[in-house]
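What follows is one structure encoded as structure tokens, with my remarks underneath.
The values are calculated or read from the model by the stated rules, or taken from the named source; none is laboratory data. From a predicted model like this one, the values you see are computed outputs, not experimental measurements. Cβ placement follows ideal geometry from the backbone for every residue including glycine, while neighbour counts extend to all protein chains displayed. These accessible areas exclude ligands, DNA and RNA; they are computed on the full protein's heavy atoms, side chains included. Shrake-Rupley method; radii C 1.70, N 1.55, O 1.52, S 1.80 Å.
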Number of protein chains: 4
Amino acid sequence: MTTTEAGAGTPSTATTPGPTDGAAVVTDHDRGVHGYHQQKDEHLKRLRRIEGQIRGLQRMVDEDVYCIDILTQVSASTKALQSFALQLLEEHLRHCVADAARQGGSEIDAKVEEATKAIGRLLRT
Amino acid sequence: MTTTEAGAGTPSTATTPGPTDGAAVVTDHDRGVHGYHQQKDEHLKRLRRIEGQIRGLQRMVDEDVYCIDILTQVSASTKALQSFALQLLEEHLRHCVADAARQGGSEIDAKVEEATKAIGRLLRT
Amino acid sequence: MTTTEAGAGTPSTATTPGPTDGAAVVTDHDRGVHGYHQQKDEHLKRLRRIEGQIRGLQRMVDEDVYCIDILTQVSASTKALQSFALQLLEEHLRHCVADAARQGGSEIDAKVEEATKAIGRLLRT
Amino acid sequence: MTTTEAGAGTPSTATTPGPTDGAAVVTDHDRGVHGYHQQKDEHLKRLRRIEGQIRGLQRMVDEDVYCIDILTQVSASTKALQSFALQLLEEHLRHCVADAARQGGSEIDAKVEEATKAIGRLLRT
């Protein structure tokens, strides 16, 4: 079903030849390209912004800013990290997990278990 | 209470009488049966245990138990609720989301978006 | 400083005689009454509402309600529990922790450490 | 950078030269020094480590590391941030909030409300 999802932020996957031939569903994942690669630039921008927030926290501690104001900034950074995680997870479900379902077999069970564990780790922080 | 708990985790729901006509993949979901129904008893048992914990909290408040001990019990109840949510989510991904992927079309996008939003709500609590 | 904070929802602490005599600061805590006792009725009402939500969850599972709708209700219950915990914590800080600070000595360190650990447990759920 | 880090955790700030004149309790806070300043170096070290984790995340995204492994690293970073927040909060309670309690008056109520709101923000992320 998914055929050519390439492009969008990928410098190199354009020329992958074969995969649209046979009956088998060939996915980005088979080609070693993960779901999130299409939003790579956006992800990197987000992470750089979070890095800036963490450096801001260092400045606040260094300048003896009031504890509560630092805590507010920590909450903002944690929220930004969770929001990044959520977007990554959405793409993972949309691509890797859905691909596993399409391919049939028991792979989907492993993928779902793996994703659930990752969500559990996010919840526990 | 639950009567017809058809073929747990089978990708080919071959023997179900009515809906197996055409070539289309027919899923539990089409039959109005959600992923979690197979663990229904286990879910109900978990929820009754959580209900017991909440009643325990009422007793603690009523008997003027030390605040910190009440907070510890609140953490345990919250953890139990999160753990219930995680199991429900796993079954949802394994059944409803995977089914949508198998059926093809744009349904999978809606399902993934919906699941991600639910995970986001869990994270934010 | 705080002298008679009794009353408010307590059936029995009214007649505690002695402690207002000397120079020492005598607190509710010394009298075995914790910070939250004044909002006891409100706490019990909140907890009964949460208990109702948990029973609602059982009904939803029993009636095969859609997974995502159940997850939404779990989020609401978790939020309600966290909100209860937060109120309890506020009263604990206002009474038990503040009392320990007023009394001087090393008690305050133990109280703060204990409260911080409780907050850590809440965060980790 | 910080030079005068007076008596860590001493309830009697007796030997600090200037402010010990009258009967009033004079605190670090009055002197514009917040609770966390004594662990400043440790805080900065923690934050630099978190900054390193965030840069690690950027590398992972850039090198197309598997989504789940990135999510695991996000969880670790979030946990590290929460742990930093918790330590800051502990010092805030031990110093700023306890000082407000010792000084008497209504300041303690404002301080406790402010701290509770900060804890609420941490919980909600």
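Take the residue pairs B:K79/B:K117; D:K79/D:K117; C:K79/D:K45; A:K117/C:K40 and return only those whose Cα atoms are more than 30 Å apart. Flagged as over cut-off: C:K79/D:K45; A:K117/C:K40.
Normalised by the number of residues in segment A:37-124, the mean separation of alpha-carbon contacts (under 8 Å, six or more apart) gives a relative contact order of 22 percent. For D:K79, inter-copy separations between label points set 7 Å beyond Cα along the Cβ vector come to 1.4, 2.4, 2.8 nm, shortest first. Ranked by the mean number of other Cβ atoms within 10 Å per residue, highest first, peptides A:47-59, B:67-79 order as B:67-79, A:47-59. Between segment A:55-125 and segment C:41-73, the C-alpha centres lie 27 angstrom from each other.
Inter-copy label distances for B:D64: 4.4, 5.2, 6.7 nm (label point placed 7 Å from Cα along Cα→Cβ; shortest first).
Buried surface for the B/C pair, taken as the accessible area of each chain alone minus that of the pair with a 1.4 Å probe, is close to 4400 Å² in total. Take segment D:37-124 with all the other protein chains still there, run a 1.4 Å probe, and you get 37 Å² of accessible area per residue. The mean number of partner chain beta-carbon atoms within 10 angstrom of a residue's beta-carbon across peptide B:49-60 is 5. If you wrap segment D:37-124 in the convex hull of its Cα atoms and look at it from every side, the mean projected area works out to 6.6 nm². Position C:D109: other-copy label points at 3.2, 5.5, 6.1 nm, ordered by increasing distance, label point 7 Å along Cα→C-beta. Backbone phi angles across segment B:57-74, fed through the Karplus curve with coefficients 6.51, -1.76 and 1.60 (θ = phi - 60°), yield HN-Hα couplings of 4, 4, 4, 4, 5, 4, 9, 6, 5, 4, 2, 4, 5, 5, 4, 4, 5, 4 Hz in residue order; Gly and Pro are listed as x.
Rounded to whole numbers, the Karplus 3J(HN,Hα) couplings from phi for segment D:87-102 are 5, 4, 5, 4, 5, 4, 5, 5, 9, 4, 5, 4, 4, 4, 5, 5 Hz, using 6.51 cos²θ - 1.76 cosθ + 1.60 with θ = phi - 60°, and x at Gly and Pro. Contact-buried residues of segment D:84-100, at a threshold of 50 Å² lost accessible area versus the chain by itself: D:L86, D:L88, D:E90, D:L93, D:R94 (1.4 Å probe; DNA, RNA and ligands ignored).
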